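Note sheet for the following structure.
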Amino acid sequence: MSTLLVIVIITFAVLAIWFVRRRAQAGRFKKLASEPLESKLLDLLKRHMPIYARLPPMHQRRLQGLVNVFVNDKSFFGSGGLEITDEMRLAVAGNACLLLLGRDEPRFPGSRTIVLYPDTFVSQQVRHDGALVREGQSARLGESWHRGPVILSWADILRGIKNPTDGHNVVIHEFAHKLDEENGPVDGLPVLREQADYADWARTMTQEFADLIKRAARRRNRVLDEYGSTAPAEFFAVASEAFFERGAKMQKRIPKLYTQLERYYGVNPADWDK
């Protein structure tokens, strides 16, 4: 048997195994997505997701299935002496899966690992200023590594949970970055539903980003966190936080931005308070 034929046979065998495993995994996720949470886990979810009670029943059922998939798909690790509990898993999963309620994909494929710190953590930052490279440390509430883990502060997750209408939710923020990276760079342009959506998205988001910068400079910003003015990627993540937590206010004050996010996420949070 020739070397080339052996390589071809091995390649086909590897691909066949990969295909079978992928189909089995897809079937398992589909089954999990259709199952409700057991009562103990549902109680934890409700406790750490005040927004859950405002969701329409169809979204509550959908969210339970998405959380099922999330906790089975992701590996959680504690850092800084933190011991991972079901409470932590459900708090992260529930808030992250809000972003998937109206989407076809039942999971975040770009990351399998969640790392939790007890509180704000220090991250090494590298900045390039022309030929000059500056290194330093920065206190962080959360980070999303490209094609890598999501890192979160448990204390800041809890702070966000205490006020579910302030537009600050570190879990939503970092998992919006995960959606953003699905098409490559984290640049504020995720994969949209239709090719025809891109021109309108670019036009609206560019204008709204510029408007936020102006409002922040005048201290007249009332809906979005000013951190969103630092970069288009941060604008998308901050806008996602406000969309889910301050939907009615965004719809009233920044309607064009709200419409773009409503079309992208496939849900209408402004109606959840009615």
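Couplings for the stretch 240-245, taken from phi via the Karplus curve 6.51 cos²θ - 1.76 cosθ + 1.60 with θ = phi - 60°, read 5, 4, 5, 4, 7, 9 Hz in order; Gly and Pro are left as x.
Hey, which aspartates and glutamates would be in cross-link range of Lys162, C-alpha to C-alpha under 13 Å, not counting anything within fewer than 8 residues on its own chain? Those aspartates and glutamates meeting the cut-off are Glu245. Label-to-label distance for Ser79 and Ser39 is 3.9 nm, based on points extended 7 Å past Cα in the beta-carbon direction. Over 32 Å between Cα atoms, which of Lys74/Lys256; Lys40/Lys178; Lys46/Lys74; Lys31/Lys252 qualify? Going by Cα-Cα distance, Lys74/Lys256; Lys31/Lys252 fall outside the 32 Å limit.
For a Förster distance of 22 Å, can you work out the FRET efficiency between the beta-carbons of Asp200 and His146, rounded to the nearest 0.05?
Approximately 0.25, to the nearest 0.05.
Subtracting the Cα-Cα distance of Arg47 and Thr120 from their residue separation scaled by 0.36 nm leaves 24.0 nm. Quick one: Cα centre-to-centre distance for the stretch 64-88 and the stretch 156-218, in angstrom? So the separation of the two Cα centres works out to 24 Å. Directionally averaged projected area (the stretch 174-274, Cα convex hull): 6.0 nm².
Values in this text are rule-based calculations from the coordinates and carry no lab data. Just so it is clear, the model here is predicted, and its values are computed rather than measured. Counting neighbours? That spans all protein chains shown, and the Cβs are built from the backbone with ideal geometry, glycine included.
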